[in-house]
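Notes to accompany the following structure.
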Amino acid sequence: MQILQITDPHLYGNAGGSLRGVETDSSLRNVLDDAFSRAADYAAILVTGDLVQDDASGYLRFKSILGHLRKPVLCVPGNHDEPDAMRLSLAQEPFQYCGTRELGAWHFIMLDSYDPGHVGGRLVESELERLDEALKGSPAHALVCLHHHPVAMGSRWLDGIGLANAAEFWRVIDSYSHVRGVMWGHVHQALDGEREGVRLLGTPSTCAQFLPGSDRYAIDSRPPAYRLLDLHDDGRIHSEIRWVQPASARQIAG
Ligand SMILES: [Fe+2]
């Protein structure tokens with residue numbers, strides 16, 4: 001089963017809106033064009049937060065870009081989202097706001113780590129309980145998705161704005177043996193690691209990236225990207241990041 005993960009598109013209501021020098025609307029469209037030129041039969045599209053850049057009118061744009069793809073679009077909120085507006089905007093199929101979803105042999109658990117007034121994230125008690133109940137209720141291979149990173153990225157400024165109560169998160173995860181992976185956005189860079197048998201996957205943005213390993217906030221020159229996941233029935237995960245040159249650069253190169 002193939003899954004496409006995109007993250008941190010940071011859309012505005014205005015198509016020309018740009019963030020850190022990248023027009024976020026055309027950048028997302030370009031990323032999707034690339035992803036669907038390689039494979040068209042994704043079982044779902046996973047979107048790990050910051051769908052908009054502090055602009056709720058960006059959700060209309062998000063829906064118009066992804067709605068016609070006729071795939072489940074599973075979404076969690078990030079710190080730049082407006083969760084109430086996002087939940088209302090994504091109330092109809094093919095969109096899903098948080099919750100859980102069973103697809104084949106896999107169980108997706110989408111968590112809300114939005115912490116009002118903070119750039120970093122937190123899982124409130126009811127969300128930790130929901131995670132626990134979801135894991136208790138299904139023996140399928142579990143993939144847990146949230147916006148904020150629950151492990152250190154090795155970047156001082158970024159590690160100050162991760163998941164504040166990561167220890168509580170891992171206490172739940174560690175009490176189950178069928179969690180195969182944890183996936184997030186927020187970090188605008190790639191990470192592929194492992195913790196106690198659980199795959200750790202951080203994914204670059206569909207727009208601008210942060211410089212890995214930097215102690216201070218710094219923008220990377222790497223292009224927009226997305227992640228492909230191959231989820232096998234036996235619980236194995238194959239995954240790769242694909243970096244996408246802007247359409248204008250591709251035309252020049254071509
Ligand atoms: Fe972001």
With criteria (1) free of Cβ contacts under 8 Å to residues at least 40 places away in the same chain; (2) over 29 Å from A35 (Cα atoms), D112 comes up short on (2)
Within segment 67-109, of all residues that are without any contact (Cβ under 8 Å) to a residue 60 or more places away in the chain and aromatic (F, W, Y), the one surrounded by the most Cβ atoms within 10 Å (Cβ to Cβ) is F95
In segment 117-157, what residues are crowded, with 23+ Cβ neighbours inside 10 Å and touching a Ser or Thr at 6+ places or on another chain (Cβ under 8 Å)?
G121, L123, C145, L146, H147, H148
Applying the selection to segment 37-47, what residues are more than 13 Å from the ligand (Cβ to nearest atom) and either free of Cβ contacts under 8 Å to residues at least 12 places away in the same chain or under 24 Å from G99 (Cβ atoms) (or both)?
S37, A40, D41, Y42, A43, A44, I45, L46
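Just one of R29, R87 is at pLDDT 95 or above, touching a Phe, Trp or Tyr at 6+ places or on another chain (Cβ under 7 Å) and either within 16 Å of the ligand (Cβ to nearest atom) or assigned to a helix (DSSP H, G or I) (or both); which is it?
Values: R29 fails: touching a Phe, Trp or Tyr at 6+ places or on another chain (Cβ under 7 Å).
Answer to the selection: R87.
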Go over the candidates E196, E240 one by one and state the one that is more than 27 Å from G137 (Cβ to Cβ) and away from the ligand (no atom under 16 Å from the Cβ).
E240
Give me the pairs, please: first residue somewhere in segment 1-30 and free of Cβ contacts under 8 Å to residues at least 12 places away in the same chain, second residue anywhere and acidic (D, E), beta-carbon distance under 7 Å, and either six or more positions apart or on two chains.
G16/E23
From the set of residues in segment 1-26 that are more than 13 Å from the ligand (Cβ to nearest atom) and among the hydroxyl-bearing types (S, T, Y), which is surrounded by the most Cβ atoms within 10 Å (Cβ to Cβ)?
Y12
Only one of (1) touching a residue at least 40 places away in the same chain (Cβ under 8 Å); (2) more than 29 Å from A15 (Cβ to Cβ) does not apply to E127, and that is (1)
Given the structure, is D50 within 14 Å of the ligand (Cβ to nearest atom), at pLDDT 95 or above, within 23 Å of W184 (Cβ to Cβ) and of a type in the set (D, E)?
yes
For residues that are among the hydroxyl-bearing types (S, T, Y) and modelled with pLDDT under 95, scanning just segment 207-254, find the one that is surrounded by the fewest Cβ atoms within 10 Å (Cβ to Cβ).
S221
Can you name the residue in segment 151-193 that is more than 21 Å from A218 (Cβ to Cβ) and within 16 Å of the ligand (Cβ to nearest atom) and, of all such residues, is farthest from the chain's Cα centre (by Cα)?
L163
Taking segment 48-66 and keeping only residues that are more than 16 Å from the chain's Cα centre (by Cα) and buried (at least 22 other Cβ atoms within 10 Å of the Cβ), one is left with G58, R61
With respect to D192, is the statement that it is within 25 Å of E133 (Cα to Cα), exposed (fewer than 15 other Cβ atoms within 10 Å of the Cβ) and modelled with pLDDT of 95 or more true?
no
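The values are calculated or read from the model by the stated rules, or taken from the named source; none is laboratory data. In this text, all values refer to a predicted model and were calculated from it rather than measured experimentally. Reconstructed Cβ throughout: ideal geometry from the backbone, glycine too, with neighbour counts over all protein chains shown.
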